[in-house]
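Notes follow the structure.
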Amino acid sequence: MTFYRHFCERQDFQAGVITHEPAAAKQSYPSLILPSLPVFDRLTRTRGARWVHGFDHLFGGRRVPPQVDRFVRSFQPDAIFTVAGAWSSMARLAETVATRFQLPLIGSFNDWWYYNQIYHPVLHSALSRQFLDFYQRCDLAICTSDGMQDAFESHRNSMVLYPTGATCPGHGAFASPSDRPLKVGFGGNLGDWYGGMIESLVRYVEERFPGEFQFRLFGSRPSWSNEFDEHVKLNGTFRGQVDFDTLSGAMRDCDILLLPMGFDAAIREIESTSFKTKFLDYLTFEKPIVVWGPEYCSAVRTAREFDSAEVCLSENPSNMANVLVQLKSDPARQARLVSNAGLMYRDRFHPDRLHSQLVERIKGLISCES
């Protein structure tokens, strides 16, 4: 989404896309859809799927298919851009194309390599080395946060470019409701560990603080229990996956916005290097934000720097619920959070500012390579 906003919604770039994703054919930019081999599809539906995916990540993308060669020659790009996190053979294909056509390679490192990745654990070390080496070979390495940049060794040409959120319309002064339950909204990834976190919070609040809060949850493939899934669908709490305009309207109708980050030590590397786009989208909804996550998360550090969101550092849902209760009873604190979030948005995360940074770095790269 963030690079769609840079490359497609603005006029500074013309993008041609090579991908395995069929939905790209419905977009306005020129695209080439690379179908997967039937034998690959069959093998990924077997018990050896993790090996198949893992070997594709390790060895795929080392040659340029004829249709890719024709597409690149026709489009005549000035640079090759790829999303390198999570790691896949498409990133290596981008490097292979860049090498063949002697073009600068730009890599976006928006997630740590194994987030949402399918591979056999035996291949972990080899895949990790490939990811770290690929970072060094990029002519421009774009890191989604300071935490991501810090996780790598120094690079000759890297930059931190936070995700680009929506544009803030600036609707005016914030007013906290006092005569009804507060609506707590969430819009984003409900898979992985996030679904379970939200389930634990909603269940606790419904039991201990009945009638004080209403939750509005948006997203796809939730990882919570089947019993909870039925419960939140029946009472209208869970609204499923919606387009951004619908989500924006729903979030503006909420009173508090929730941003959870995982606590488990096994995912520390993922959460310490990421920066959630929804945090920046939340800024544009002009509502108080609560970040629920460990201290090492980029979202926590940024929220504290600007005092732009309330923070809960405890994994226990009871502590998170108490943060909501305290915030509910303090309209002045709510207003201050919204004001500080607006300052944070204008000072560091305004889309025009972020876009200008990217344009300057890419144009500088291309002029140096010419």
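Quick notes
- Between Arg70, Arg47, Arg63, the distinction of being in contact with a strand residue (DSSP E or B) (Cβ under 9 Å, 6 or more places away or on another chain) and among the basic types (Lys, Arg) belongs to Arg70 only.
- Of all the residues in the range 16-73, those that are under 23 Å from the mean Cα position of the chain (by Cα) and of a type in the set (D, E, K, R) number 2.
- Val311 being at pLDDT below 95, surrounded by 15 or more Cβ atoms within 10 Å (Cβ to Cβ), touching a strand residue (DSSP E or B) at 6+ places or on another chain (Cβ under 7 Å) and closer than 13 Å to Pro260 by Cα: no
- Yes/no for Leu258 being buried (at least 18 other Cβ atoms within 10 Å of the Cβ), at negative phi, in contact with a helix residue (DSSP H, G or I) (Cβ under 7 Å, 6 or more places away or on another chain) and of a type in the set (A, V, I, L, M): no
- The helices (runs of 4 or more DSSP H) falling completely within the range 263-361 that include 3 or more residues that are of a type in the set (Gly, Ala, Ser) and over 20 Å from Phe109 (Cα atoms) map to 331-344.
- Subset tally (residues that are part of a helix (DSSP H, G or I) and over 16 Å from Pro260 (Cα atoms)) for the range 197-227: 5
- Neighbours by Cβ (under 9 Å, 6+ apart or cross-chain): first from the range 19-38, in contact (Cβ under 8 Å) with a residue 60 or more places away in the chain; second surrounded by 14 or more Cβ atoms within 10 Å (Cβ to Cβ) and part of a helix (DSSP H, G or I): Thr19/Met90; His20/Met90
- Condition met for Val291 (β-branched (Val, Ile, Thr), without any contact (Cβ under 8 Å) to a residue 60 or more places away in the chain and over 15 Å from Phe275 (Cβ atoms)): no
- Restricting the first member to the range 200-218 and to residues that are over 22 Å from Gly188 (Cα atoms), and the second to residues that are part of a strand (DSSP E or B), the beta-carbon pairs closer than 9 Å and six or more apart or on different chains are Glu212/Leu182.
- The single residue among Ser74, Ser88 that is out of contact with any Cys (no Cβ under 8 Å at 6 or more places or on another chain), over 28 Å from Gln136 (Cα atoms), of a type outside the set (Val, Ile, Thr) and assigned by TED's automatic domain parsing to the domain that holds Asp139 turns out to be Ser74.
- Some residue of the range 67-85 being among the charged types (D, E, K, R) and under 29 Å from Thr164 (Cα atoms): yes
- Filtered residues of the range 280-296 (kept if among the aliphatic types (A, V, I, L, M) and at pLDDT below 95): Leu280, Leu283
- Within the range 233-262, tally of residues that are out of contact with any strand residue (DSSP E or B) (no Cβ under 7 Å at 6 or more places or on another chain) and outside any loop (DSSP other than H, G, I, E, B): 8
- Taken together, the criteria exclude Gly191 from residues that are in contact with a Phe, Trp or Tyr (Cβ under 8 Å, 6 or more places away or on another chain) and within 20 Å of Pro260 (Cβ to Cβ).
- Complete set of residues in the range 316-358 that are more than 23 Å from Glu286 (Cβ to Cβ) and under 21 Å from the mean Cα position of the chain (by Cα): Ser356, Gln357, Leu358
- Criterion (crowded, with 20+ Cβ neighbours inside 10 Å and modelled with pLDDT under 95) met by exactly one of Ala299, Ala335: Ala299
The values are calculated or read from the model by the stated rules, or taken from the named source; none is laboratory data. What you are looking at is a predicted structure, and each value in this text was computed from that prediction instead of being measured. Virtual Cβ from ideal backbone geometry, glycine too; neighbours counted across all protein chains shown.
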